[in-house]
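Written below as structure tokens is the structure these notes are about.
Coordinate-derived values only; no laboratory data. Because the structure is predicted, anything quoted here is derived from the model rather than measured. Cβ atoms come from the backbone with ideal geometry, glycine included; neighbour counts cover every protein chain shown.
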Amino acid sequence: MTTQTPSPIPSTDLETPGLYRRMACWLYEGMLLFGVVFIAGYLFGTLSQTKNAMDNRNALQAFIFVVFGIYFGWLWSKGQTLAMKTWRIRVVDLRGQPLTQGRAVVRYLWSWLWLLPPLLVAWWFALSGGETTVITLGWVAIWAVLSRFHPRRQFWHDALAGTQLVNAPVAPKRSWRV
């Protein structure tokens, strides 16, 4: 069985999707990650024989971080996650070429700018869950709006990683006639 590599997108089609569509994709991706976390948590608990959810908490968090890195690194190097397919968004490098796995992992690490700053503030000031939620949502909104200041309206973690989100072409409808 041969794997099909995504073809490069012509440079004329490298239009950035709108902010609302990118954020809807981001939200949908978050919902899909619940399944990834569930499977990873179950696998970790089974393999480590963890009886209590608070046991091995740091190791579980590190494991999920690595699982997310593998998930995003693999799918972004293919061009799209399931949420990106749904919202017709692709991730490519600055020349419109598919990402290498290395660049996809770099994008994954930079993408933590969506959540790491408010989580560090919450940890530093020992904030409650409600307070952490408020500052996280505020930071996400600020980070999203900051894309308006990028020349091509890309998210800044994409600019730092040398990647860009572009509109994916609509797949042609298949005819099932015999």
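Structure summary
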| read-out | value |
| --- | --- |
| Global form of the chain, assessed from the alpha-carbon gyration tensor, a/c cut-off 1.5 | oblate |
| Lys/Arg +1, Asp/Glu -1 at C-beta; the chain dipole; positive extreme among Thr50, Leu160, Gln101 | Gln101 |
| Choice from Gln80, Gln61, Gln101 with maximal GNM fluctuation in the chain (Cα, 10 Å cutoff) | Gln61 |
| Anisotropy class of segment 127-178 from Cα gyration tensor, a/c 1.5 cut | oblate |
| Segment 16-25 - phi-based ³J(HN,Hα) in whole Hz, Karplus 6.51/-1.76/1.60, Gly and Pro as x | 6, x, x, 4, 4, 5, 5, 6, 5, 5 |
| Per-residue [θ]222 nm for the chain (sum of -39500 (n - 2.57) over DSSP H runs n ≥ 4, rounded to 500) | -18000 deg cm²/dmol |
| Under Karplus coefficients 6.51, -1.76 and 1.60, residue-wise ³J(HN,Hα) of segment 53-65 in Hz, glycine/proline x | 4, 7, 6, 6, 4, 5, 5, 5, 4, 5, 4, 5, 4 |
| Additional length obtainable on full extension of the chain from Leu43 to Ile135, 0.36 nm per residue less Cα span | 30.0 nm |
| In degrees, nearest ten, helix 129-145 long axis to first principal axis of the chain (Cα) | 20 degrees |
| Principal-axis tilt of helix 101-111 within the chain, Cα atoms, nearest 10 degrees | 50 degrees |
| Where trypsin sites (Lys or Arg not before Pro) in DSSP loops with at most 12 other Cβ within 10 Å are excluded, longest remaining stretch of the chain | 96-172 |
| Size of electric dipole in the chain: Cβ of Lys, Arg +1 and of Asp, Glu -1, about Cα centre, debye, nearest 20 | 660 debye |
| Top positive-direction residue, dipole computed over the chain with Cβ charges, set Trp123, Trp143, Leu60 | Trp143 |
| Positive dipole terminus of the chain, leading residue within Met84, Pro172, Thr132 (C-beta point charges) | Pro172 |
| Global form of segment 36-131, assessed from the alpha-carbon gyration tensor, a/c cut-off 1.5 | oblate |
| Amide proton proximity set for Ile89, modelled H, under 5 Å, gap of 5+ | Ala168 |
| Among Glu29, Glu131, Glu15: highest mean-square fluctuation, GNM of the chain, C-alpha pairs under 10 Å | Glu131 |
